[in-house]
1. Among the listed residues T81, T48, identify the single one that is exposed (fewer than 10 other Cβ atoms within 10 Å of the Cβ) and in contact with a strand residue (DSSP E or B) (Cβ under 8 Å, 6 or more places away or on another chain).
2. Based on what the data block shows, is C74 loosely packed, with under 12 Cβ neighbours inside 10 Å, farther than 12 Å from E47 by Cβ and hydrophobic (A, V, I, L, M, F, W, C)?
3. Among the residues of segment 42-71 satisfying the criterion of being outside any strand (DSSP E or B) and touching a Ser or Thr at 6+ places or on another chain (Cβ under 6 Å), which is nearest to K88 (Cα to Cα)?
Amino acid sequence: MNNEELKAGTTAQQSDAADVTTSSQTIAKPHVSGWASFAQGFPDENETVWLYNRLNKFVALGCRVWTGEDGGWCWALSNGTIYGENGKIVSECEMDDDYEFTHWSRLPVLPCH
């Protein structure tokens, strides 16, 4: 939806272009809300995050771990055990350096922590 299509007195609506229109303004929403490429930075060490590979559409829960000077950084993927700890969502993860991820996203904090 572009500005020419806006009419006075419209109610909030969402278009395919991910813009939100209200009666007075159009607010552009990010197309990849909450996701960051690795060119923008990395999650904290051992922080459970969503991981995504744009090329093969693979999605996983995991964390970035330091394996030592020889091994360097690698990904550890969730083994399915997920729980809350200190207001955060965490997962038990197992190291697996066979994955190439393109993006990551932080998990929400738990309510009432």
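1. Values: T48 fails: exposed (fewer than 10 other Cβ atoms within 10 Å of the Cβ).
The conditions single out T81.
2. Details: loosely packed, with under 12 Cβ neighbours inside 10 Å: no; farther than 12 Å from E47 by Cβ: yes; hydrophobic (A, V, I, L, M, F, W, C): yes.
Criteria not met by C74.
3. Going residue by residue through segment 42-71, those that are outside any strand (DSSP E or B) are 42-44, 46-48, 54-57, 67-71.
Filter once more, keeping what is touching a Ser or Thr at 6+ places or on another chain (Cβ under 6 Å): 48, 54.
Working: T48: 9, R54: 26 Å.
Selected residue: T48.
The numbers here are math on the coordinates, done by the rules we state, and not lab data. All values derive from a computational prediction rather than experimental measurement. Cβ: placed from backbone, ideal geometry, glycine included. Neighbour counts: every protein chain shown.
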